[in-house]
Amino acid sequence: MRLKDLEEGDAPPPVRNVVELTDGSGTPRIVAYVERELPPGGIPAYLAARGTGARSFVLWADEHRGSRVVTLVTQSANSGVATYQVLGAHGEVIGTLVREKALKGRGIRTRWTVGQPGVPEAVGYKGRIFWWLVCWLMSPLLPFVFLAAVLNNGDFPRAPRRIRWRAGGQLFLDFRPFGDRLRLYAPDLDWRLGAALVALLNSFNGWFGVPWDGRKK
């Protein structure tokens, strides 16, 4: 499962961000069209709120906003800890996602918790400690790396982003930054919760990346 930004002309506007799903045996299929749900103040108000960790997304069944698959809303966001609820088409609670920012929550890495009624709570940490150490050692060189990326039209550097969620010692979810893919290993986990999670994860890009929901237009 992954979030993908369609090129103009691939699908009718205005919804261009899609979540694809595959079982690994065939071509990925689009299961949701994702966009921000703006507050009364519009984009400026949304961008101001997202600075605190708040997010609000709608995952539509089609590009014309015919019906909702799920809605992600922010329950609370303060002191580096944000709690999100994922609601079904009729407002029912599908699950809860919690992001505890590094050094603000319960560790030196960002902590993500995925909860669904009837399924064990899964916890994952952003990046491996080894790669965070490598990034810290290379931090004095970042201005040169950034300049090289600009001159060569390359990708901007990102912080370690891989996350593995486990519950009871078992692997539940695995988010891989290359391709921004989320793999679901728990058969009882609702795929709609996974779709909301992959959209949420991609709204917290590392370093010089521009998150899909952070655009000013």
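Things to note:
- Efficiency of FRET between residue 188 and residue 93 - r from beta-carbon atoms, R0 22 angstrom, step 0.05: 0.85
- Square roots of 5 times each gyration tensor eigenvalue, C-alpha, segment 1-116, largest first, Å: 26, 18, 14
- Cross-link partners of residue 101 among lysines (Cα-Cα below 18 Å; sequence separation of 8 or more within a chain): 126
- Protein heavy-atom surface of segment 1-96, 1.4 angstrom probe: 51% of the accessible area is carbon and sulfur, with nucleic acids and ligands not counted.
- Remark: segment 65-82, residue by residue, has Karplus-estimated 3J(HN,Hα) of 6, x, 7, 8, 8, 8, 10, 9, 10, 8, 7, 7, 7, 7, 6, x, 10, 10 Hz, where x stands for each Gly or Pro and the curve is 6.51 cos²θ - 1.76 cosθ + 1.60 at θ = phi - 60°.
- 5 angstrom amide H check on residue 183, placed H, neighbours 5+ away: 174, 175, 176
- Residue by residue, segment 84-90 carries 3J(HN,Hα) couplings of 10, 10, 10, 10, x, 4, 9 Hz when phi is fed to the Karplus relation 6.51 cos²θ - 1.76 cosθ + 1.60 (θ = phi - 60°); x denotes Gly or Pro.
- Once the Cα-Cα distance is subtracted from the 0.36 nm per residue extended length, the residue 174 to residue 52 segment shows a gain of 41.3 nm.
- Sites matching GluC sites (Glu not before Pro) across segment 1-104 that sit in DSSP coil, with at most 15 neighbouring C-beta atoms within 10 Å: 7, 8, 37, 92
The values are calculated or read from the model by the stated rules, or taken from the named source; none is laboratory data. These numbers were taken from a predicted model, which means no experiment stands behind them. Methodologically, a virtual Cβ is constructed for each residue, glycine included, from the backbone with ideal geometry; neighbour enumeration extends over all protein chains shown. Ligands, DNA and RNA are excluded from the accessible area calculation, which covers all protein heavy atoms including side chains. Shrake-Rupley method; radii C 1.70, N 1.55, O 1.52, S 1.80 Å.
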